[in-house]
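Coordinate-derived values only; no laboratory data. All values reported here derive from a predicted model rather than from experimental measurement. Neighbour counts are summed over all protein chains in view; Cβ atoms, including those assigned to glycine, are modelled from backbone coordinates with ideal geometry.
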Number of protein chains: 2
Amino acid sequence: MSGGDITCAAAVGCGVIGAGWIARLRLSGIDVCAFDPSPAAPDVIADVHANAVAAWTDLGLAPTDDRVGSLTMSDSIEAACADAHFVVESVPERLDLKHATLVAIDAANDDAIVASSTSGFRPSVLARPMIRPERLVVGHPFNPVYLLPLVEVVAGERTDEAVVERASALYTRLGMHPLRVRAEIDAHIADRLLEAVWREALWLVNDGVATTEEIDDAIRYGFGLRWAQMGLFETYRIAGGLGGMRHFIGQFGEALSWPWTKLMDVPELTDELIDTIAGQSDVQSGRYSVRELERIRDRNVAAILLALESNDWGAGRTLAAQRAHRG
Amino acid sequence: MSGGDITCAAAVGCGVIGAGWIARLRLSGIDVCAFDPSPAAPDVIADVHANAVAAWTDLGLAPTDDRVGSLTMSDSIEAACADAHFVVESVPERLDLKHATLVAIDAANDDAIVASSTSGFRPSVLARPMIRPERLVVGHPFNPVYLLPLVEVVAGERTDEAVVERASALYTRLGMHPLRVRAEIDAHIADRLLEAVWREALWLVNDGVATTEEIDDAIRYGFGLRWAQMGLFETYRIAGGLGGMRHFIGQFGEALSWPWTKLMDVPELTDELIDTIAGQSDVQSGRYSVRELERIRDRNVAAILLALESNDWGAGRTLAAQRAHRG
């Protein structure tokens, strides 16, 4: 079975990540059965779906009703997974909960691919209690799942390579960019980079160097504009001039030994620091509701994707491929 | 004198950063006298100016000849600075060289603002040997200087507040976003975040977890698209859902204590690691020359700025303000 044969998926765990998966799956014509014990789940799923429809409309991918997969709310993991070809697990990041959920999925369905959205755990650790670990793969998406193309694909020690290939084919069909992570490592790739920035940013706030808004501005008026289209290394290759990467490292490598970060140390999340951050964030963003911020973010990301598509580059190529696939 | 009265600037140090300043100043109608002892400097200045003209044309800010400031190559710091209202210092990041340069500028001109492009040094440290430290300010730009709006503005202990205000007014006139950094700290704000990511990325390459291209893709298909328009905190506020920032920290703060980064430790830049990075970078980007990569980067950044301008958001607002100022 290739990714193209997957017509029915299950979503176990329907917070903002699970709901994002549901929206992306349904807008790609795949039927979804969903399970989440929270009474708020149907509302979260509906809100995220509405955001996704608006964003895809911005992208020129407005869905027609006959192309949107159905949604069925199930009252158990067993019921949600019974007929699925592909199960997405997006429960909170607690290993005991992940294990219990994966065991229940394992018992409910013999041959579906099981894809965990975990941002932190290694697939071999997740698969430990499973009877059929060969079908577990990590497919780690990024919020908003219906809009950002990246999905980190990680196999465990016992994962069948065919499962990785089928999952990757499905992700491509969903308009995503599956990035095969070749080594198992806590937090995979992107979240390690994000965690590094997060720690340093917390220090900057903690030490009163900058507010949350000033840190955000330092990102979005500067290197954020570089990273939407090239990453770290390709950007630095250019900075090295005609001497390229080797010259860049020679010129700036020494800074590694300078006291430019406080990352040897982890800031303590005291109540005071949390109050400071939450208060500064209110000053920065409080004039918008979260719903408004979501819409602003999505309109901007869609506009950036369209701009990059016009330039035939990076994430814009993923969008072009999605458009071509859609026909 | 407000920033608007500055009609003549000097650039001391004309590598890629100094040349970027020269282009931005001249395209904003300001005459520039430049000094750099390197015989390659005139070519660097010409190449960067050509890139800047192409980028501003993409932005709809195509310069007309009568609006472009003149360029004079001087054969000494003294000659370059004699008539300047504003001196930009962009020599390499070595404290002895910065000090010698600033002393020479200090002697050459009595009342110009002296703005250092330093990415790492605190202004109070830079100003130590100056006779007139009150006119030194850090104005730290980001490559490509003619295109990215961010400039970090930092005052030293003895800097005159009026100097900070005049420099900031000039940066605004140049179409930039002056971000006042309220505390002196090595590497200011943005480069601390960049340094944190750089360290973790070096570990990922060093340990064979990911190649330079995989790391770049993890950025540009994912969180890079968020950071071009919102930063870290506003993005996470959304991720916290209706509970906002406080909920987000409660949910994910615990990860701080997990072994998600190796940043307690600094990778050693062995010849082997440098070879690995340079080789992977060649595989990733070697099909483009540095000139081609510059043009690709600039076209993409310009397209993103235009997209954000259409949405009246973030760096797009800086562009709109520049357009309005230009009339």
Point to revise | Whether the protein assembly as shown is rounded, prolate or oblate, judged on the alpha carbon gyration tensor where a/c under 1.5 counts as rounded | key: prolate
Review point. Where the label is 7 Å out from Cα toward Cβ, how close does B:Ala62 come to the same position in every other copy, in nm, shortest first?
Key: 3.4
Review point. What FRET efficiency would be calculated for the residue pair B:Thr72, A:Ser70, taking the C-beta separation as r and a Förster radius of 51 Å, to the nearest 0.05?
Key: 0.10
Check your understanding: Counting only complete DSSP H runs, which helices of chain A cover 15 Å or more along their long axis at the Cα atoms and score a mean Kyte-Doolittle of -1.0 or above?
Key -> A:16-27, A:41-58, A:95-108, A:161-173, A:190-206, A:271-285, A:290-310, A:315-326
Check your understanding: Which whole-angstrom value gives the distance between the alpha carbon centres of segment B:128-187 and segment A:64-118?
Key -> 53
Point to revise | Candidates per trypsin sites (Lys or Arg not before Pro) in segment A:21-116, loop by DSSP, up to 15 other Cβ within 10 Å | key: A:Arg94
Study note, to complete from the structure: Between B:Arg295 and A:Ala162, the two model label points (7 Å from Cα along the beta-carbon direction) sit apart by a distance in nm of 4.8
Check your understanding: Using 0.36 nm per residue, how much length does the chain from A:Ala79 to A:Ala183 gain when fully extended, once their Cα-Cα distance is taken away?
Key -> 34.1 nm
Point to revise | Rounded if a/c under 1.5, otherwise prolate or oblate - segment A:111-199, Cα gyration tensor axes | key: oblate
Review point. How far is A:Ser76 from the same spot in each other copy, in nm, shortest first, if each label point sits 7 Å from Cα toward Cβ?
Key: 9.1
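What's the extension gain from A:His247 to A:Ala50 if we count 0.36 nm per residue and subtract their Cα-Cα distance?
Details: separation 197, 0.36 × 197 = 70.92 nm, distance 4.86 nm.
Gain in length upon complete extension: 66.1 nm.
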Check your understanding: Per residue and in cubic angstrom, what volume does the convex hull of the Cα atoms of chain A have?
Key -> 161
Revision key, fill the gap. With the label set 7 Å along Cα→Cβ, B:Ala183 is separated from its counterparts in the other copies, in nm and shortest first, by 3.4
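Figure the gain on full extension for A:Glu268 and A:Asp111 (residue separation times 0.36 nm, minus the Cα-Cα span) and round it to one decimal in nm.
52.1 nm
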Revision key, fill the gap. Across B:Ser119, B:Ser168, B:Ser310, the residue with the highest GNM fluctuation in chain B (Cα network, 10 Å cutoff) is B:Ser310
Check your understanding: Among B:Met130, B:Met73, B:Met245, which one moves the most in a GNM of chain B with springs linking Cα atoms closer than 10 Å?
Key -> B:Met245
**Study point:** With at most 13 other Cβ atoms within 10 Å, longest stretch of chain B clear of loop GluC sites (Glu not before Pro) (DSSP)
**Key:** B:1-156
Exercise for review: Please compute the net charge surrounding B:Arg180, taking Lys and Arg as +1 and Asp and Glu as -1 over other residues with Cβ under 11 Å from its Cβ.
Suggested key: -4
Review point. Mind checking the mean number of beta-carbon atoms from other chains within 10 Å of the Cβ atoms in A:204-216?
Key: 5
Review point. So for the pair B:Asp312, A:Ala62, with labels modelled 7 Å out along Cα→Cβ, what separation do we get in nm?
Key: 2.2
Check your understanding: Using a simple spin-label model with points 7 Å from Cα along the Cα→Cβ vector, what separation in nm is obtained for B:Arg94 and B:Asp5?
Key -> 3.8
Point to revise | Candidates A:Gly231, A:Gly69, A:Gly156, ranked by Gaussian network fluctuation over chain A, Cα under 10 Å, top entry | key: A:Gly231
Review point. Rounded, prolate or oblate: which fits segment A:1-78, taking a ≥ b ≥ c as square roots of the Cα gyration tensor eigenvalues, rounded meaning a/c under 1.5, else prolate when a/b beats b/c?
Key: oblate
